[in-house]
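Before any comments, here is the structure.
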Amino acid sequence: MPTISVNLPANSYNILISSGSLTQLGEEMKQLNLGKKVLLVSNPEIFNDYGQTCIKSLEDAGFETCTHLIPAGETYKTLQSIARIYDTALEHHLERSSTLVALGGGVVGDMTGFAAATWLRGVNFVQVPTSLLAMVDASIGGKTGVNHPQGKNLIGAFYQPKLVLIDPQVLKTLPVREFRAGMAEVIKYGIIWDKDLFTKLEQAGDIDRFASINQELLQTILIRSARAKAEVVSQDEKEAGLRAILNYGHTIGHAIESLTNYQQFVHGEAVAIGMVAAGKIASLMGLWTEEEANRQDKLIAKTKLPTKIPTELDINAIIETLQSDKKVKAGKVRFILPTQIGKVIITDRVTDGIVKNVIEQ
């Protein structure tokens, strides 16, 4: 089973990537010497597809398992939903040695991780991502949290899982739209870290759905994306510097999500639009070539992701929303901008005028 290590000073862990590995969840957790009680958190649709497989694996390995289901969707990523997880944890007498297992996409993973970080001041946490976006991004690195009405992920904590277990076969039930959203994060890794991955995606055939993507390429995508995230996080666990590059496309992307009340776009779609905007900003500032910007935009379009900011969004509202972004430092919005495919910089020198220019385009 391909294994990628996230090497941290105090909380190192492994990412396991293997087809059919869902049935090995219990045995993999047993090897970590975790407590007997497990709370499996999921949403109804994912649980219907994969919940019983996980429960059987856990119980066969000797774990006592209970469940908590969260309605699907970003709108439920709230403190109220976290309180309901606490209620279930209390009802089933979870202890400090107990484990919360997140079976689902990024929303489930973020909320389960935050609940684990804060219940009894911290219990064990395991990620079992079921969306492409969660597999390559959200499940790795320990960012947990919920949304505030004024902004995305403003409430949260850094809290590392004990294990990330990825079974590519669960992607067969992932809606096409969600698969494409995950590809936005894969393309991001190509831009910020892994030029060869970007080239492989350019040269590949269909990459916009699980049913048509080459399975060997999919395995490569999962391994290289997870490795890129692991390498960045290992160097900067709590976003003191380098880790901020993982937010490429997210600055304007988060603003779009917030201003459309998380209803119009899923996260990866907003990131795709944000990457196009960031690429145009980089071009206007002379940081990278128009040719490289076009290569990025062409690859995003190849994945059938959106590339344009909705015309109904007010430019000034976008600028104002950027000021509440977590990446603001000393009152200045920090953008991650490419200087070439495979390399980016972090800068606070993007003026409102440049941002307005790009949005208007």
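The values are calculated or read from the model by the stated rules, or taken from the named source; none is laboratory data. If you're wondering where the values come from, they're calculated on a predicted model, not measured in any experiment. Glycine also receives a Cβ, built like all others from the backbone with ideal geometry; neighbour counts cover every protein chain displayed.
Which strands (runs of 3 or more DSSP E) sit wholly inside segment 9-90 and have at least 3 residues that are over 25 Å from L218 (Cβ atoms)?
Values: elements: 13-17, 37-42, 64-69.
Answer list for segment 9-90: 37-42, 64-69.
Working only within segment 335-360, note down all residues that are part of a loop (DSSP other than H, G, I, E, B) and within 20 Å of the chain's Cα centre (by Cα).
Step one: filter segment 335-360 for residues part of a loop (DSSP other than H, G, I, E, B), giving 341-342, 348-351.
Matches in segment 335-360: G342 only.
Checking the conditions here, which among L103, L94, L154 is within 18 Å of the chain's Cα centre (by Cα), modelled with pLDDT of 95 or more and either of a type in the set (A, V, I, L, M) or part of a loop (DSSP other than H, G, I, E, B) (or both)? Give the steps one after another, and end with the answer.
Numbers: L94 fails: within 18 Å of the chain's Cα centre (by Cα); L154 fails: modelled with pLDDT of 95 or more.
Just a single option satisfies the conditions, and that option is L103.
Do we have any residue at all in segment 133-147 that's free of Cβ contacts under 8 Å to residues at least 12 places away in the same chain, in the same structural domain as L40 (by TED's automatic domain parsing), more than 18 Å from Y248 (Cβ to Cβ) and not basic (K, R)?
no
Which one of the conditions (1) assigned to a strand (DSSP E or B); (2) at positive phi does L120 fail to meet, given that it meets all the rest?
(1)
Can you confirm whether K77 is charged (D, E, K, R), surrounded by 14 or more Cβ atoms within 10 Å (Cβ to Cβ) and touching a strand residue (DSSP E or B) at 6+ places or on another chain (Cβ under 6 Å)? Steps first, answer last, please.
On the way: charged (D, E, K, R): yes; surrounded by 14 or more Cβ atoms within 10 Å (Cβ to Cβ): yes; touching a strand residue (DSSP E or B) at 6+ places or on another chain (Cβ under 6 Å): yes.
So K77 passes the test.
Under 30 Å from L287 (Cβ atoms) and not assigned by TED's automatic domain parsing to the domain that holds A282: is that true of N153 in this structure? Please lay out each step first, then the result.
Details: under 30 Å from L287 (Cβ atoms): yes; not assigned by TED's automatic domain parsing to the domain that holds A282: yes.
In short, yes.
Inside segment 182-194, can you point out the residues that are part of a loop (DSSP other than H, G, I, E, B) and of a type outside the set (A, V, I, L, M, F, W, C)?
First, pick out the residues of segment 182-194 that are part of a loop (DSSP other than H, G, I, E, B): 193-194.
Matches in segment 182-194: D194 only.
Which residues, counting only those in segment 162-181, are in a loop (DSSP other than H, G, I, E, B) and among the hydrophobic types (A, V, I, L, M, F, W, C)?
Of the residues in segment 162-181, the ones in a loop (DSSP other than H, G, I, E, B) are 162, 167, 174-175.
Matches in segment 162-181: L174 only.
When only residues in segment 319-345 that are aliphatic (A, V, I, L, M) and either modelled with pLDDT of 95 or more or in contact with a Pro (Cβ under 8 Å, 6 or more places away or on another chain) (or both) count, which is nearest to G279 (Cα to Cα)? Break it down stepwise before answering.
Filtering segment 319-345 for residues aliphatic (A, V, I, L, M) gives 319, 322, 328, 330, 333, 336-337, 341, 344-345.
Keeping just the survivors that are either modelled with pLDDT of 95 or more or in contact with a Pro (Cβ under 8 Å, 6 or more places away or on another chain) (or both) gives 336-337, 341, 344-345.
Numbers: I336: 10, L337: 7, I341: 10, V344: 10, I345: 12 Å.
In this case the residue turns out to be L337.
Does segment 106-125 contain at least one residue that is at pLDDT below 95, in contact with a Leu (Cβ under 9 Å, 6 or more places away or on another chain) and within 22 Å of P71 (Cβ to Cβ)?
Yes, that holds for at least one residue.
Taking only segment 312-334 into account, find how many residues are within 29 Å of A228 (Cβ to Cβ), outside any loop (DSSP other than H, G, I, E, B) and in contact (Cβ under 8 Å) with a residue 40 or more places away in the chain.
Count: 3.
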